[in-house]
Amino acid sequence: MAKKVKRALKGRRYQRAHKDGALRTIKRHIEKTYGLPPGSVQLIKPDGRRMREDAKVLAVR
């Protein structure tokens with residue numbers, strides 16, 4: 001019977017973003033991970049408006 005190997009690192013989508021990182025970087029990572037075309041990901045605020053790309057991750061948390 002084959003042994004189950006534990007992975008040392010989780011997948012890309014489970015890695016946390018630094019609080020001083022820009023949302024632009026997160027959008028690019030989402031597009032790259034899921035194979036989406038550039039500009040197809042939009043981060044939306046609870047009130048329905050788009051978030052600024054130069055905003056920091058800390059503003060989202």
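The values are calculated or read from the model by the stated rules, or taken from the named source; none is laboratory data. Nothing here was measured: the structure is a model prediction, and the numbers come from that model. Neighbour counts are summed over all protein chains in view; Cβ atoms, including those assigned to glycine, are modelled from backbone coordinates with ideal geometry.
A few points about this structure:
- Count of segment 35-49 residues which are surrounded by 10 or more Cβ atoms within 10 Å (Cβ to Cβ) and modelled with pLDDT under 90: 2
- Among the residues of segment 19-61, those identified as part of a loop (DSSP other than H, G, I, E, B) and of a type in the set (Lys, Arg) are Lys19, Lys45, Arg49, Arg52, Arg61.
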